[in-house]
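Undergrad: This structure is in structure tokens; I'll ask about it shortly.
The values are calculated or read from the model by the stated rules, or taken from the named source; none is laboratory data. Note that this is a predicted model, so its numbers are computed, not measured. Glycine gets a Cβ as well: all are built from the backbone with ideal geometry, and neighbour counts include every protein chain shown. When the accessible area is computed, the model is the full protein with side chains, heavy atoms only, and any ligands, DNA or RNA have been set aside. Shrake-Rupley method; radii C 1.70, N 1.55, O 1.52, S 1.80 Å.
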Amino acid sequence: MQRRERKQLWMVWPEARLKASVDPQIPDGYFIRTYQTGDDRSFTALMALMDFDPWTQEKLDYNMSRVLPGGLFFAVEAKSSSVVGTAMCLHNYSGHSPFTGDLGWLACHPDHQGKGLGCSLSACVTNRFRDAGYSRIQLHTEYYRLPAIKTYLKLGYVPVMYCQEVYELWDEACQKLDWTYAPQEWPKVTGANHQER
């Protein structure tokens, strides 16, 4: 399905919550671990099930070069030992701050969605950045990835209002998610200070 090209949504972890860890609340029947040698194949197979752009070896190598040590997480189904979800800590490359990290490439196998694994993985990424001393934790996502957006909101990430278009996008997303649209409470940044990935 061809989607209209729109601005990415930008969210940040509240600075006031950097001192406390987040409970991953891993659902029964699953566990979360970090990257092990040989996980590349499971990762690319999982990504192939998502509606992301294709994952080439070049794209994998580029992202792996930015992952924090111990910052690539996998959700594993205990009974099958199958990798069913992933998310990663990516060191920010925009040059704005040496202490900015991106929660990146959250994905969950379609057969295991709706169980809270996305929230668990996102919490693990957030905790890893916090433990590493990052002062800004952020993420970017597309306006149509509503399940992921709801996961981030429930966990505690807040929208950043950086241009007029995102006001409209967040209004639409909040209506679809039955979430309170509160732009007056969300951080605002001028476009000049925001560099999209």
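Undergrad: Can you give the helix-only mean residue ellipticity at 222 nm for the chain, where every DSSP H stretch with n ≥ 4 adds -39500 (n - 2.57) and the sum goes over all residues, rounded to the nearest 500 deg cm²/dmol?
TA: On the way: 5 runs with 57 residues, N = 197.
Result for the chain: -9000 deg cm²/dmol, rounded to the nearest 500.
Undergrad: Quick one: Karplus J couplings for the stretch 32-44, per residue in order, coefficients 6.51, -1.76, 1.60, θ = phi - 60°, nearest Hz, x for Gly and Pro?
TA: Whole-Hz 3J(HN,Hα) from phi for the stretch 32-44: 10, 9, 9, 4, 10, 3, x, 6, 4, 5, 4, 5, 5.
Undergrad: Distance between the C-alpha centers of the stretch 103-137 and the stretch 27-83? Whole Å please.
TA: So the two Cα centres are separated by 12 Å.
Undergrad: What list of ³J(HN,Hα) values in whole Hz, one per residue of the stretch 168-181 in order, does the Karplus curve 6.51 cos²θ - 1.76 cosθ + 1.60 (θ = phi - 60°) give from phi, with Gly and Pro shown as x?
TA: Working through the residues one at a time gives 5, 5, 6, 4, 5, 4, 5, 4, 5, 9, 6, 10, 5, 8 Hz.
Undergrad: How many percent of DSSP beta bridges within the chain run antiparallel, rounded to 5?
TA: The antiparallel proportion sits near 85 percent.
Undergrad: Return the label of the correct value of Rg and Dmax of the Cα atoms in Å, as calculated from the structure shown, out of [x] 16.3, 49; [y] 16.8, 54; [z] 16.4, 57.
TA: Among [x] 16.3, 49; [y] 16.8, 54; [z] 16.4, 57, the one derived from this structure is [x].
Undergrad: Determine which aspartates and glutamates satisfy two conditions relative to Lys79: a Cα distance under 16 Å, and not lying fewer than 8 residues away in the same chain.
TA: Excluding near neighbours in sequence, the set is Asp28, Asp111.
Undergrad: Before I look further, what does the chain give for accessible area per residue, probe 1.4 Å, in whole square angstrom? The partial results should precede the final answer.
TA: On the way: 10470 Å² over 197 residues.
I get 53 Å² per residue for this part.
Undergrad: In whole Hz, what ³J(HN,Hα) sequence does the stretch 133-147 give by Karplus (6.51, -1.76, 1.60; θ = phi - 60°), x for Gly and Pro?
TA: Per residue, the Karplus-derived 3J(HN,Hα) values read x, 5, 9, 9, 10, 9, 7, 10, 8, 8, 4, 8, 8, 4, x Hz.
Undergrad: Moving on. Ignoring ligands, DNA and RNA, what percent of the accessible area of the chain is carbon or sulfur (1.4 Å)?
TA: Details: 5000 of 10470 Å².
So the carbon and sulfur contribution to the accessible surface is 48 percent.
Undergrad: Order Arg136, Arg6, Arg130 by their accessible area, 1.4 angstrom probe, all chains in place, largest first. Present the calculation step by step, with values, prior to reporting the outcome.
TA: Numbers: Arg136 100, Arg6 35, Arg130 65 Å².
Descending order: Arg136, Arg130, Arg6.
Undergrad: Between Leu60 and Gln8, what is the label-point separation in nm under the 7 Å Cα-to-beta-carbon projection?
TA: Reported label-point gap for Gln8 and Leu60 is 2.2 nm.
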